[in-house]
Amino acid sequence: MNDHSEVARAADRARIGAIDAEISELEQRLCVLQMERESCQQQLDAIRALQLERETFQQRLDAYKYPVLTLPNEITSEIFVVFLPPYPDCPPLRGLYSPTTLTHICSRWREIALATERWQHVRLELQAEEVALIEGPMPLLESLYLAVDEWDYIHPAASASGFPRLRSVSLDDADHGNWLPLSQLTTLALQEVYEMDYLPLLRDAVNLVHLHLIYCIPPKSGHTFTRLETLVVVDDALGGLQTPLHMFTLPVLRGLQWSLTGGALGRDHINSVTSLISRSGCKLQQVLFTGKTEVSEQSLRAAFPSVPKVTLDIEYDWYSEESRGFENGLEI
């Protein structure tokens, strides 16, 4: 039953007023939202227009070819190689002049730089467990110095076919050179071979022109080197006359250096060289003895009348940086 009293009618009127006020507020709020929606749509349209414009400019940039990027990869690779300092200088590992700088320019240069073989001269001083990490190929490698602390009969993963340009090698242990392309070497240095027979290695190095034997005992049998032109022998002369010269025949030898880092040059040393000359029939152009001596320089020259240049250098320092490796005092 409806209540038509004055109080009830007043309450209804009040409620209707409140509802009208709330409707008006919501309509105003809806109007604001509609305006904001239109503004958002305008902003969305503006964003889309900018995106389309950006795509147009990006497509134009992508279509442009920078002149340096039009070069063939082979030419770019050669430029990268020229970027490196000439041997024997080494590039820094970090900084502007490091080879890694080339990998930071763009993605294509990075790919080319990482694919470019740049190693021409390598000097490695390793622990035994690191030897197996030597991998190939190294198609540009020309010279290799490898010193390993206590070889443990671990061979590198690299193979001889991976070093087509390798010509000069220095090893501190002859028993671990059979993985190298010995037949193509022209310069070989063996250091501190006291127990192993290194002659099998020398026999495989059929094209040797320069041989350095540094603190090496004589091989177990003789050998003739048909192409060897220079021989450098370094020993301490303290354990008697233990020289490889007795075991070699060198028909085309032109230069001989014998460096004594202990003891003194004596008549036995001279006899060893004269026997080598007689046995080989070679036409030596220079003989250089370095270290202490018991023989005068005049007597030394008289012992080799067929050799144009016979020199005794008591100041020569084999241990200096300039004297080690493939450097020597010969002038031929």
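Each reported figure results from applying straightforward, stated rules to the coordinates on display, with no laboratory input. Note that the structure is a prediction, hence the values are computed from the model and not measured. When we count neighbours, we look across all protein chains shown, and the Cβ atoms used for this are built from the backbone with ideal geometry, even at glycine.
Roughly how large, in nm² to one decimal, is the mean projection of the convex hull of the alpha-carbon atoms in the chain? Can you show the working numbers first?
Details: hull surface 142.8 nm².
Hull-based average projected area comes out at 35.7 nm².
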Legend entry - Estimated vicinal HN-Hα couplings, Hz - region 305-312 in sequence order (Karplus 6.51, -1.76, 1.60; Gly, Pro = x): x, 8, 9, x, 10, 10, 10, 10
Legend entry - Most mobile listed residue (Pro251, Pro200, Pro92) in the chain, GNM with C-alpha springs under 10 Å: Pro92
Inset, instruction - List every residue whose amide H lies under 5 Å from the amide H of Val169, counting only residues 5 or more places away in sequence or on a different chain, with H placed 1.01 Å from N in the peptide plane. - result: Leu144, Thr187, Leu188, Ala189
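So for region 121-313, averaging the separation of alpha carbon pairs under 8 Å that are six or more residues apart and normalising by length, what relative contact order in percent results?
Numbers: 441 pairs, mean separation 23.5, N = 193.
Relative contact order of region 121-313: 12 percent.
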Legend entry - Cα centroid separation, region 6-82 to region 206-225 (Å): 82 Å
Legend entry - Sequence-distant residues sharing a close amide H with Val232 (under 5 Å, placed H): Leu211, His212, Leu213, Gln257
Inset, instruction - In whole Hz, with x marking every Gly and Pro, tabulate ³J(HN,Hα) for region 212-219 from phi via Karplus 6.51 cos²θ - 1.76 cosθ + 1.60, θ = phi - 60°. - result: 10, 10, 10, 6, 10, 6, x, x
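Exactly which trypsin sites (Lys or Arg not before Pro) in region 222-304 are in a DSSP loop and have at most 16 other Cβ atoms within 10 Å?
Details: sites: Arg227, Arg254, Arg267, Arg279, Lys283, Lys292, Arg301; in loops: Arg227, Arg254, Lys283, Lys292.
Sparse-neighbourhood loop trypsin sites (Lys or Arg not before Pro): Arg227, Lys283, Lys292.
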Inset, instruction - Tell me the Kirkwood hydrodynamic radius of region 67-118 in angstroms, computed as one over the mean inverse distance between distinct C-alpha pairs. - result: 11.4 Å
Inset, instruction - State, as an integer percentage, the relative contact order of the chain based on alpha-carbon contacts under 8 Å between residues 6 or more apart. - result: 8 percent
Inset, instruction - Scan around Val193 for amide H atoms under 5 Å from its own, H built in the peptide plane at 1.01 Å from N, and keep only partners 5 or more places away or cross-chain. - result: Cys216, Ile217
Legend entry - Karplus (6.51, -1.76, 1.60) ³J(HN,Hα), θ = phi - 60°, over region 51-61, in Hz, Gly and Pro reported as x: 4, 5, 5, 4, 4, 4, 5, 5, 4, 5, 5
